[in-house]
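Asker: Pasting a structure here, questions to come.
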Amino acid sequence: MTVLITQAQPSPFRFDIDRTALLIIDMQRDFIEPGGFGAALGNDVTRLQTIVPTVQAVLSAWRRAGGLVVHTREGHAPDLSDCPPAKLKRGRPGRRIGDEGPMGRLLVIGEPGHAIVPALAPLPGEPLIDKPGKGAFFATPLQDTLQSRAITHLVLMGVTTEVCVQTTMREANDRGYDCLLVEDGTASYFPEFKAATLAMITAQGGIVGWTAPAAALIEALIEAPPR
Ligand code: C5J
């Protein structure tokens, strides 16, 4: 099924749903809810909460269209052996990765805060990639997961725009994927960083990829000719 988003920037974005993955980055309680890692760093997490309904709407439309959904989570093993010292040092003492918080140890695999928010929980069979870095390709099976399904295009959503989403999108672009970021399906603790990221992606003729609003993507999925 070929889908065409005419409203995409900087130009229309066309993809085959069978060769495209919806990649949802780190929609975890640790970043989105009070008491998690994002809040421990001093951020206002309400900015991230506002995109959950939009991400849910796109996710539902994508699942209805029969496309592949891949979820990622940032986090570390309980012994923190996969967390480089430079990353471990970030933040204030007592509020760093591995420290105890209201949702368990911050950014540690298996703790309540590490989970994806319930509204966006992966369905059985949807790949779930645990990643120790900001980018989703570093030290993960993501490339194999995509290549084994002959994926050539990615549609991205998630948090935060200029950290894990942008790092992943830039590397995906270098690896040869055509990438589109859903403008209102991503958020940052810093609105100006989000705006700058969207502008960077589409500048210079789409040097890193494309962007489009969620409504345009959903409409294009509905209007796409059946298989
Ligand atoms: C951050 C992320 N911001 N998922 N992680 O530390 O963007």
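The values are calculated or read from the model by the stated rules, or taken from the named source; none is laboratory data. Because the structure is a prediction, the values reported are computed rather than measured. Heavy atoms of the whole protein, side chains included, go into the accessibility calculation; ligands, DNA and RNA do not. Shrake-Rupley method; radii C 1.70, N 1.55, O 1.52, S 1.80 Å.
Asker: In the chain, what percent of the accessible surface is made up of carbon and sulfur (1.4 Å probe, ligands and nucleic acids excluded)?
Answerer: Details: 5370 of 9660 Å².
Heavy-atom surface of the chain belonging to carbon and sulfur, 1.4 Å probe: 56 percent.
Asker: Moving to a separate point now. Using protein chains only and a probe of 1.4 angstrom, how many square angstrom of Met200 are accessible, to the nearest 10?
Answerer: About 80 Å², ignoring ligands and nucleic acids.
Asker: Give the cross-link partners of Lys89 among the lysines, using a straight C-alpha distance below 18 Å as the criterion and excluding same-chain residues fewer than 8 apart.
Answerer: Of all the lysines, those that pass the test against Lys89 - Cα under 18 Å, at least 8 places apart if same chain - are Lys134.
Asker: Suppose all protein chains stay in the model; what accessible area per residue would a 1.4 Å probe give for the stretch 63-155, in Å²?
Answerer: On the way: 4410 Å² over 93 residues.
On a per-residue basis, the stretch 63-155 sits at 47 Å².
Asker: I'd like the distance between the alpha-carbon centres of the stretch 188-213 and the stretch 1-28, rounded to an integer number of Å.
Answerer: Going from one Cα centre to the other spans 15 Å.
Asker: Hey, another quick one. Please list, ordered by chain and number, the residues whose modelled amide H lies under 5 Å from the amide H of Gly101; skip anything fewer than 5 residues away on the same chain.
Answerer: Sorted by chain and number, the residues that satisfy this are Leu106.
Asker: Return the percentage of antiparallel bridges among DSSP beta bridges fully within the chain, rounded to the nearest 5 %.
Answerer: Close to 25 percent.
Asker: Which aspartates and glutamates have a Cα less than 16 Å from the Cα of Lys131, not counting those fewer than 8 places away in the same chain?
Answerer: Output for Lys131: Asp26, Asp30, Glu74, Asp79, Asp82, Glu111, Asp144, Glu171.
Asker: Something else now. Report, by chain and number, residues whose modeled amide H sits under 5 Å from the one on Leu180, excluding near sequence neighbours (fewer than 5 apart, same chain).
Answerer: Leu154, Val155, Leu156, Trp210
Asker: What ratio of Cα Rg to 2.2 N^0.38 Å holds for the chain?
Answerer: On the way: Rg = 16.9 Å, N = 227, 2.2 N^0.38 = 17.3 Å.
This ratio for the chain stands at 0.98.
Asker: Using only DSSP helix segments of four residues or longer, with each worth -39500 (n - 2.57), what per-residue ellipticity at 222 nm results for the chain after dividing by its residue count and rounding to 500? It would help to have the intermediate numbers written out before the result.
Answerer: Working: 9 runs with 71 residues, N = 227.
Dividing the helical sum by the residues of the chain leaves -8500 deg cm²/dmol.
Asker: Let me ask something else. Report the rotationally averaged projected area of the stretch 56-127 based on its alpha-carbon convex hull, in square nanometres.
Answerer: On the way: hull surface 24.2 nm².
Averaged projected area of the stretch 56-127's Cα convex hull equals 6.1 nm².
Asker: Hydropathy at least -1.0 by Kyte-Doolittle, axial extent at least 18 angstrom from the Cα trace: which helices of the chain, defined as entire DSSP H runs, fit? Could the numbers behind the result be given before it?
Answerer: Working: long enough: 52-65 (20 Å, 0.38); 191-206 (23 Å, 0.34).
Membrane-span-like by this rule: 52-65, 191-206.
Asker: Provide the gained length on full extension for the span Glu126 to Ala224, in nm with one decimal, where the gain is 0.36 nm per separating residue minus the Cα-Cα distance. Walk me through the intermediate numbers first.
Answerer: Values: separation 98, 0.36 × 98 = 35.28 nm, distance 2.28 nm.
Stretched fully, the Glu126-Ala224 segment lengthens by 33.0 nm.
Asker: Looking at the P(r) of the stretch 1-113, how many percent of alpha-carbon pairs lie beyond 26 Å? Walk me through the intermediate numbers first.
Answerer: Values: 2275 of 6328 pairs.
In whole percent, the share of Cα-Cα pairs in the stretch 1-113 beyond 26 Å is 36.
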